[in-house]
Amino acid sequence: MNISYKKPFARFVKKVSKPFQLAIEDRVLEICTDPDIGEQKTGDLREIWVYKFRFNSQEYLMAYRFGQAKKGADLIWINFYQIGSHENFYSQLKRYLQQEPVVKKIQGVEK
């Protein structure tokens, strides 16, 4: 499986404390084990899943997208886009996705 961390995600993780980094790592492993654990968004963000979790009584959201050969099969790839509190989370995510280079999809696999 190919796991990638986009710039906003990596930048956030780099700035937080070590205990929070370890908590994020645990959540990433949970998502990699069961990507359907999050909630699939609708509308503009229909390909994005968001997983909510708490750390020190603050709720955080983690945005990701994944690909499988077919439903229930092993993951081929997973991209973690953003992590942060709810404030401005979706507007920042939309802005990043609009600026992201377009990736051509051939037969359901990113190239």
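The values are calculated or read from the model by the stated rules, or taken from the named source; none is laboratory data. As the structure is a prediction and not an experimental result, all values here were calculated from the model. Cβ atoms come from the backbone with ideal geometry, glycine included; neighbour counts cover every protein chain shown. For accessibility, only protein heavy atoms count, side chains too; no ligands or nucleic acids. Shrake-Rupley method; radii C 1.70, N 1.55, O 1.52, S 1.80 Å.
May I ask you to verify whether Ser17 is on the phi > 0 side of the Ramachandran plot and free of Cβ contacts under 8 Å to residues at least 24 places away in the same chain?
Criteria not met by Ser17.
Does Gln98 satisfy the criteria of being over 13 Å from the mean Cα position of the chain (by Cα), at pLDDT below 95, in a helix (DSSP H, G or I) and loosely packed, with under 10 Cβ neighbours inside 10 Å?
Here the answer is yes, as Gln98 does meet what is asked.
For region 42-56, give me each residue that is within 18 Å of Lys94 (Cα to Cα), open to solvent by less than 90 Å² (accessible area, probe 1.4 Å) and touching a residue at least 24 places away in the same chain (Cβ under 8 Å).
Leu45, Ile48, Tyr51
Please verify whether region 41-56 includes one or more residues that are of a type in the set (Asp, Glu) and within 11 Å of the chain's Cα centre (by Cα).
Checking region 41-56: at least one residue is of a type in the set (Asp, Glu) and within 11 Å of the chain's Cα centre (by Cα).
Kindly establish whether Arg27 is among the charged types (D, E, K, R) and either assigned to a strand (DSSP E or B) or more than 18 Å from Lys94 (Cβ to Cβ) (or both).
For Arg27, the condition - among the charged types (D, E, K, R) and either assigned to a strand (DSSP E or B) or more than 18 Å from Lys94 (Cβ to Cβ) (or both) - is met.
Is it true that Ile24 is among the aliphatic types (A, V, I, L, M), at negative phi and at pLDDT below 95?
Answer is no for this residue.
Failed condition for Phe66, given (1) part of a strand (DSSP E or B); (2) within 17 Å of Ser91 (Cα to Cα), with all others met?
Evaluating Phe66 over (1) part of a strand (DSSP E or B); (2) within 17 Å of Ser91 (Cα to Cα) leaves (2) as the failure.
Determine which single condition Glu59 fails, assuming it passes every other condition in (1) in contact with a Gly (Cβ under 8 Å, 6 or more places away or on another chain); (2) open to solvent by 30 Å² or more (accessible area, probe 1.4 Å); (3) in a strand (DSSP E or B).
So the condition that Glu59 fails would be (1).
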